[in-house]
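Q: The following block contains the structure, expressed as structure tokens.
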Amino acid sequence: MFFFRLQLLMFLALSSCASGQVTPPSDDNGPDTDTDSDTDSDTDSDTDSDTDSDTDSDTDSDTDSDTDSDTDSDTDTDTDTDTDTDTDTDTDTDSDPCAAISFSYDFESGPQGFTHNPTSGIAGDDPWELGDPSIGSCNSGTNCWCTDLNADYDDCEMAELLTPIIDLSACDGSTMTVELTFWHYYLFEDYSGGKWWDGGLVQFSSDGGTSWSDVSPTPAYQGVMQGSYSGCTPTPDVAGHQAWSGDIPGGTWQQVTVDIGSTYRVASFRVRFLFGADENDTDFGWGIDDVDVSSS
């Protein structure tokens, strides 16, 4: 019986060895528990601490610092550039001596250097007068130039109203605009038979009045003067020239503008208002007020 039990134990032992399984003794359970605890504790603690600290600190610090510094610096530089541009532009405009050009004549204090002459050389052919017209009013105030203040002009009258000599040499070579402006009112003989008979026009001189040239005003002239001048000696200077004639549009004072080009930006610039009538029919005539020569 004993022998049989011994064989059974040996058989069981050999079977365990053959399968590679060895059951550890029960008193080795303590060390296994300690090993698991140590491994979990070390791994969790090191990993969490290092990851949280490095990521939060580095990322927040770098991003905030770089973004704020670069953006503020670029914006300030752009603002300085705009300031320099404005300063240069203002300085260039102010340095042009043409900007100071301004000659104004309202005639309230008198002729202000304006003169008038008969272009025929006959004193009775000059109707220009300064004052307050009895058959109308001036554009402003109570003094203006008219071809007779109290009556219609006469047949074959011909005369010029002249500005004083105006020095525009400061505008020579300037890119600024220089203009003559004035206000006028007129009632001339009406258009008939396909012709304009009596009228007035503006001319410029660059030599103080020795020679005269036609200009192009705005509003434009009505047409060419083609009156009957056979009874007038000499022929009025307006004959064959573009001029204002008939009745002024709107029946009221009107502002006229004339560009003063480079040819006339000289020390001896002058303007004349040239009037002429033929041998038939007359009317109120021509009024001139508030003359101005200026730059812009």
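Q: Considering only region 225-238, I want to know if a residue exists there that is open to solvent by 10 Å² or more (accessible area, probe 1.4 Å), under 23 Å from ASP154 (Cβ atoms) and among the acidic types (Asp, Glu).
A: yes
Q: Out of all the residues in region 153-169, is one or more open to solvent by 30 Å² or more (accessible area, probe 1.4 Å) and more than 28 Å from VAL266 (Cα to Cα)?
A: Looking through region 153-169, at least one residue is open to solvent by 30 Å² or more (accessible area, probe 1.4 Å) and more than 28 Å from VAL266 (Cα to Cα).
Let's see how each residue does on (1) outside any loop (DSSP other than H, G, I, E, B); (2) not hydrophobic (A, V, I, L, M, F, W, C):
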| position | (1), (2) |
| --- | --- |
| VAL202 | yes, no |
| SER211 | no, yes |
| SER216 | no, yes |
| ALA220 | no, no |
| TYR229 | no, yes |
| CYS232 | no, no |
| ASP237 | no, yes |
| GLY240 | no, yes |
| ALA243 | yes, no |
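Q: Scanning region 114-140 for residues that are open to solvent by 50 Å² or more (accessible area, probe 1.4 Å) and of a type in the set (Gly, Ala, Ser), which turns out farthest from GLY251 (Cα to Cα)?
A: GLY121
Q: Just wondering, is there one or more residues in region 192-199 that are open to solvent by 60 Å² or more (accessible area, probe 1.4 Å), in a strand (DSSP E or B) and in contact (Cβ under 8 Å) with a residue 12 or more places away in the chain?
A: Taking every residue of region 192-199 in turn, at least one turns out to be open to solvent by 60 Å² or more (accessible area, probe 1.4 Å), in a strand (DSSP E or B) and in contact (Cβ under 8 Å) with a residue 12 or more places away in the chain.
Q: Still on this structure, please answer the following. Considering only region 265-289, state which residues are within 27 Å of ASP172 (Cβ to Cβ) and over 26 Å from the mean Cα position of the chain (by Cα).
A: VAL266, ALA267, SER268, PHE269, ARG270, VAL271, ARG272, PHE273, LEU274
Q: May I ask you to verify whether SER245 is under 26 Å from LEU130 (Cα atoms), open to solvent by less than 40 Å² (accessible area, probe 1.4 Å) and at pLDDT 95 or above?
A: yes
Q: From the list ALA220, ALA159, ALA151, ALA170, which residue is of a type in the set (A, V, I, L, M), more than 22 Å from PHE103 (Cβ to Cβ) and within 30 Å of the chain's Cα centre (by Cα)?
A: Result of the check over ALA220, ALA159, ALA151, ALA170: ALA220.
Q: Looking at region 206-220, is at least one residue under 21 Å from PHE284 (Cα atoms), surrounded by fewer than 16 Cβ atoms within 10 Å (Cβ to Cβ) and either in contact with a Lys or Arg (Cβ under 6 Å, 6 or more places away or on another chain) or at pLDDT below 95 (or both)?
A: No, there is no match, as no residue in region 206-220 is under 21 Å from PHE284 (Cα atoms), surrounded by fewer than 16 Cβ atoms within 10 Å (Cβ to Cβ) and either in contact with a Lys or Arg (Cβ under 6 Å, 6 or more places away or on another chain) or at pLDDT below 95 (or both).
Q: Just one of the numbered conditions (1) small (Gly, Ala, Ser); (2) open to solvent by 40 Å² or more (accessible area, probe 1.4 Å); (3) over 34 Å from the mean Cα position of the chain (by Cα); (4) under 21 Å from ILE165 (Cα atoms) is not true of SER262; which one?
A: (3)
Q: Additional query: Suppose we filter region 94-142 for residues that are assigned to a strand (DSSP E or B), in contact with a Gly (Cβ under 9 Å, 6 or more places away or on another chain) and either among the aliphatic types (A, V, I, L, M) or closer than 27 Å to CYS232 by Cβ (or both); how many remain?
A: Total satisfying the criteria: 2.
Q: Filter region 173-191 down to the residues that are open to solvent by less than 70 Å² (accessible area, probe 1.4 Å) and over 30 Å from the mean Cα position of the chain (by Cα) and list them by number.
A: TYR185, TYR186, LEU187, PHE188, GLU189, listed by residue number.
Q: Go through region 250-296 and give me each residue that's out of contact with any Leu (no Cβ under 7 Å at 6 or more places or on another chain) and under 12 Å from TRP183 (Cα atoms).
A: THR252, TRP253, GLN254, GLN255, VAL256, THR257, TRP286, GLY287, ASP289, ASP290, VAL291, ASP292, listed by residue number.
The values are calculated or read from the model by the stated rules, or taken from the named source; none is laboratory data. The structure presented is a predicted model; accordingly, all values stated were derived computationally and were not measured. Reconstructed Cβ throughout: ideal geometry from the backbone, glycine too, with neighbour counts over all protein chains shown. SASA here: full protein model, heavy atoms, side chains in, ligands and nucleic acids out. Shrake-Rupley method; radii C 1.70, N 1.55, O 1.52, S 1.80 Å.
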